[in-house]
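The values are calculated or read from the model by the stated rules, or taken from the named source; none is laboratory data. These figures come from a predicted structure and were not determined experimentally. We place every Cβ from the backbone using ideal geometry, glycine too, and count neighbours over all the protein chains shown. Note: accessible area is taken over every heavy atom of the protein model, side chains too, but ligands, DNA and RNA are not part of it. Shrake-Rupley method; radii C 1.70, N 1.55, O 1.52, S 1.80 Å.
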Amino acid sequence: MAKPFACHAVAWRIRIIRASSFLLVFLPIFPAGIRAANKVSVLGTHPRWRVLENYQETITHDEFAHRVNDVYCTHGFAPDLIEINEKTARILMNRETQKFFWLRFAEKDDGRKSVPRLWRSAKSLPPAKPGKPLLGLKIALDPGHLGGKWAKMEERWFQVGNRLPVQEGDLTLRVARLLAPRLRELGAKVFFARNSDEPTTPKRPDDFRELARKILIKNGVPQSRIGGNVLDPNDPDKEQTIRWQSEILFYRYSEIRRRAALVNFKLHPDLVLCLHFNAEGWGDPNDPTLTETNHLHLLVNGSYLAEELEFDDERFEMIRRLLSRAYDEELPLADTIALAMARETGLPPYEYPTTNTTTKVGVSGYVYARNLLATRLYRCPVVYCEPYVMNSKDVFARIQAGDYEGTRNVNGVELKSIFREYADSVVDGLVDYYSKVR
C-alpha cells in the first residue's frame, strides 16, 4: 500500500476505493433532487428503471445468469438484490419501498428480441474499404485526468530534482493527440472527451464545500478537523478535511460524470478508449521513489463489490450495461488491444495483489474487470488502458526524453518515443480486431 500522497494506479486506486466508501456512507441524503428513499452513489442520480422495459426478452436465462455470476457480481451480493428464476429475474429497485423490476427472459436463443442501443458492434458495421479497416467507426478518446495546474490536486504529479514534472493528465492528452490522426487516416470518426488541461465540468472544488462538510459531519469526523484550508499532502488524515473532500468531488466525480454526459448524450460513440499511465507508490512527490517495476494491464467494466451493488443507481447502471451486451464487444477488443500493446512494449501483465476489487477476464492475461466510474457510466463498450509505470526508472527516462520521430538512445537502448509507442500499439490492436471481425 502506498503512502498517503503516493498517487496513481494500483496503490492510488485501492486507496480511492476506501476513500470513496468514506464519501458514500451518508451521501444519499444530500444531493438535491434525490428522493430520500433512494440510496445513490457520489453525485449520482435517481435511476430510471422504466428504461429497462426496452430490454424485455432480449436475453436468455443462461446468458443473464452467466453475466451476473461470472462477470458483474463476482464478489457476491445480498440475496434480495437479484433473484434469478426460470423465466424472470427480480431486481430490487428500492429496498425501503420494496419495489422490484421484473425482467422477462427470452425462452431460447433464436427467440431473443433485438437489443436497443446507440452504439454499433463491429459485426454490424458495413464492410470496410481497402486500407480503411476503421471506416465509419466512431471512437471517443478519453485522456485520463486533467494535468496542467490541476495535476497536484489530483495527486497525479511528481518531480525528480529539477527535471520536468511528470503529470499524468498531460501525458495521456499527448497520446490522444497522436492517436486521433492515425485513427482518422484509417477511416474512424474521432471525438475527444477532453482535449485540453481544463475540466469539462463547470463545477469547481468550492462548489462542493458544503456537501463535503455534511459528509464529514455525518461520518463522525471531529469538528476540530473540519474547516481549515491548509492541506498537508503527507497528512494521513487529510481525507477528513473539507478541502480534500471537495477537491475529490470536483476532479473525480463531477468531472467524470460530466464526460459521461458528453459521451452519452452528444457524441454517441461505438467505443470509448480511456487512456491512462500506471504507477507504483512513489511516496513524497517532491522526492519520489523510482522503481525497476514496469507492467501493463487493461480494464473493462465488471466485478462490482457487494457494497457497491447496495446503491440503487450503481445496480441499475450495472443491469443496463449487462443487458446492452457492451461486455460482449469490449472484452475481445480489450484482449486484442492488450496483445498488440504487449508485442509493442514488451511489458509483462500486471498482477493485482488481491482480488478484492477485480476479476481477471479474457484470454490474453492482461485484462481485468473492475467497476470504475468511467467504465460504468459510458453507455457503450469501454477499453481502459493502463500501460507503463510512470515512476519506473526506464519510463521516467522516456517521459523526460519527450516526443520525437524515429528512435533515440534512452538508458542505453534505442527506443521509440513512449507516446508514439503507446499510440501505435493501440492502433495496431484496433486494426487487428476490426479487420478480423467486420
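Observations on the structure shown:
- One chain, two ends: residue 393 and residue 206. Fully extended at 0.36 nm per residue, the span grows by 63.6 nm beyond their Cα-Cα distance.
- Taken over the stretch 136-210, the alpha-carbon convex hull comes to 98 cubic angstrom per residue.
- Fraction of accessible area attributable to carbon and sulfur, the chain (%, probe 1.4 Å): 50 percent
- Table column - 3J(HN,Hα) (Hz), the stretch 320-335, Karplus curve with 6.51, -1.76, 1.60, x for Gly and Pro: 4, 5, 4, 6, 6, 6, 4, 4, 4, 8, 6, 5, x, 5, 4, 4
- Phi to ³J(HN,Hα) by Karplus 6.51 cos²θ - 1.76 cosθ + 1.60 over the stretch 356-369, Hz, x for Gly, Pro: 5, 10, 10, 9, 6, 9, x, 10, 7, x, 10, 10, 10, 8
- Full extension of the chain between residue 93 and residue 51 yields a length gain of 13.9 nm, computed as 0.36 nm times the residue separation minus the alpha carbon distance.
- The slack in the chain from residue 292 to residue 62, taken as 0.36 nm per residue of separation less the alpha-carbon distance, amounts to 78.3 nm.
- Convex hull volume of the Cα atoms of the stretch 344-403, normalised per residue: 144 Å³.
- Residue (of 295, 47, 84) at the positive-pole extreme of the chain, dipole from beta-carbon charges: 47
- Evaluated at q = 0.10, 0.14, 0.16 Å⁻¹, the base-10 log of the normalised Debye intensity for the stretch 112-251, with identical point scatterers placed on the Cα atoms, takes the values -0.56, -0.82, -0.92.
- Working note: Cα gyration tensor of the stretch 54-129, eigenvalues times five, square-rooted, sorted largest first, giving semi-axes of 28, 14, 13 Å.
- Per-q log10 I(q)/I(0), the stretch 247-298, q = 0.26, 0.30 Å⁻¹ (Debye; single scatterer per alpha-carbon; no solvent): -1.03, -1.11
- Rh by Kirkwood over Cα pairs, then Stokes-Einstein D for the chain at 0.692 mPa s and 37 °C, µm²/s: 145 µm²/s
- Solvent-accessible surface of the chain, taken per residue with a 1.4 Å probe and all protein chains present: 42 Å².
- Here the stretch 298-358 is treated as an ellipsoid with the same Cα gyration tensor; its semi-axes, largest first and in whole Å, are 27, 17, 6.
- Between the alpha-carbon centres of the stretch 371-438 and the stretch 344-367 there is a gap of 16 Å.
- Using the Cβ-Cβ distance between residue 125 and residue 218 with R0 = 41 Å, the FRET efficiency computed as 1/(1 + (r/R0)^6) comes to roughly 0.25.
- Note on the chain: antiparallel DSSP beta bridges, both residues inside, total approximately 50 percent of the bridges counted.
- Computed from the alpha carbon atoms alone, the convex hull of the stretch 206-334 holds 173 Å³ per residue.
- Evaluating 6.51 cos²θ - 1.76 cosθ + 1.60 at θ = phi - 60° for every residue in the stretch 72-80, the Karplus couplings come out as 8, 10, 5, 9, x, 6, 4, x, 7 Hz, glycine and proline recorded as x.
- Compactness of the stretch 46-195 is given as radius of gyration and Dmax, 22.4, 66 Å, from Cα positions.
- Reference-scaled alpha-carbon Rg (2.2 N^0.38 Å with N residues) for the stretch 258-392: 1.11
- Since only 246, 192, 173 are under comparison, the one whose Cα sits farthest along the positive direction of the charge dipole of the stretch 146-271, derived from C-beta charges on Lys, Arg, Asp and Glu, is 192.
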